Amino acid sequence: MYALLTKTSDGSFDLPVRWVGRSFNQSLFDLLGVTLSRDAIRNKEASVFGVFGFNEPQVPVGYVETTTRVDNFDGTSVVRKATWSTDPNYIPVNPKDNLVKAVKVEAAERILKVAPEWKQRNSSAEMAELSVKDSLSEDEQSVWNSHVAMWGSIKAIRSKSDEIEAVIVGLSDDEVSKFDVSEETLWNPPVAEEVVAEEVAS
């Protein structure tokens, strides 16, 4: 951003600020009485006309402004800022809480890959229709089984999400900073070799 300062009696520029903008525009040109080109910005010649860089920093998280914002000019740029003090009502966010939220988001994304919301709604409606029948045809039973399998997969993701969230509670600060909620082995642990061999033998 840019600020136009006031020309003093000795030809230099100082506060107060006359104009502030993100880019040179007609309002600025009207005040200057001239039109500045892009070259003026690129070659840093705008200061000749009293136009300098302008910065208004945001209040950091956990702090509040305790005074009115005032302008300060150091000869090269203008900073508009108030005095900041610690916010007595601020409650720091626990990194683990953010991680738990990330797990829930990951679980939701995985569920949608299994079945988008429209598919879940259709499945619920179709299962409701089939559930009131005394008996199901072979095709209907196949449809019912596919719905059951789909909801089983969704339930498994939710259960795994709960397990991961429980693990997060016991992590150290260092472990939290390195924890990747999208890691595939968290959601689908590899099957032990002996288990695979046992299944093949059976």
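What follows is calculated from the coordinates using simple rules that are stated; it is not laboratory data. Quick caveat, the model's predicted, so the values are computed rather than measured. Ideal geometry is used to build each Cβ from the backbone, glycine not excepted, and the neighbour counts take in all protein chains shown.
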- Expressed in nm², what is the orientationally averaged projection area of the convex hull enclosing the Cα positions of the chain? 24.5 nm²
- Message: Quick check on my link table: of 81/178; 104/155; 119/178, which ones sit more than 24 Å apart, alpha carbon to alpha carbon?
- Response: 81/178; 119/178
- Ranked highest first by average number of other Cβ atoms within 10 Å, how do 30-40, 104-114 line up? 104-114, 30-40
- Message: Sort 64-71, 157-164 by the packing proxy (mean of other Cβ within 10 Å over each peptide's residues), most packed first.
- Response: 157-164, 64-71
- Amide proton proximity set for residue 63, modelled H, under 5 Å, gap of 5+: 87
- For segment 2-86, compute Rh as the Kirkwood radius over C-alpha pairs and then the Stokes-Einstein diffusion coefficient at 37 °C and 0.692 mPa s; write the answer in µm²/s, rounded to an integer. 235 µm²/s
